[in-house]
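Following: one structure in structure tokens, then a few remarks.
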Amino acid sequence: MVAVVSAVARVSGEDPFELPPLNNVINADALNELVASDRHTGLESVSFEYAGYNVVATGSGEVKVTSKA
């Protein structure tokens, strides 16, 4: 999910290509599928840690990134 990597890069100030692969922490294909099919699953959001940040991806496609500290 490019939106997650882009959002973390924006918040952290790092180059997105320097961040670890998203698949190291979550199956990106499954995340895309869950978020895209939230109406069918009732899923409102998915939360996980990535590159030292808390990430929440919502069914509407919004990505929220906050510091773990």
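Throughout, read-outs are computed from the coordinates displayed, never taken from laboratory work. The structure displayed is predicted, hence computed values, not measured ones. Cβ coordinates were reconstructed from backbone atoms using ideal geometry, including for glycine residues, and neighbour counts include every protein chain displayed.
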**Q.** Number of the exception - Leu31 against (1) crowded, with 17+ Cβ neighbours inside 10 Å; (2) touching a helix residue (DSSP H, G or I) at 6+ places or on another chain (Cβ under 6 Å)
**A.** (2)
Q. Quick one: how many residues across the range 4-37 are farther than 20 Å from Thr66 by Cβ and either of a type in the set (Ser, Thr, Tyr) or in contact with a Phe, Trp or Tyr (Cβ under 6 Å, 6 or more places away or on another chain) (or both)?
A. 1
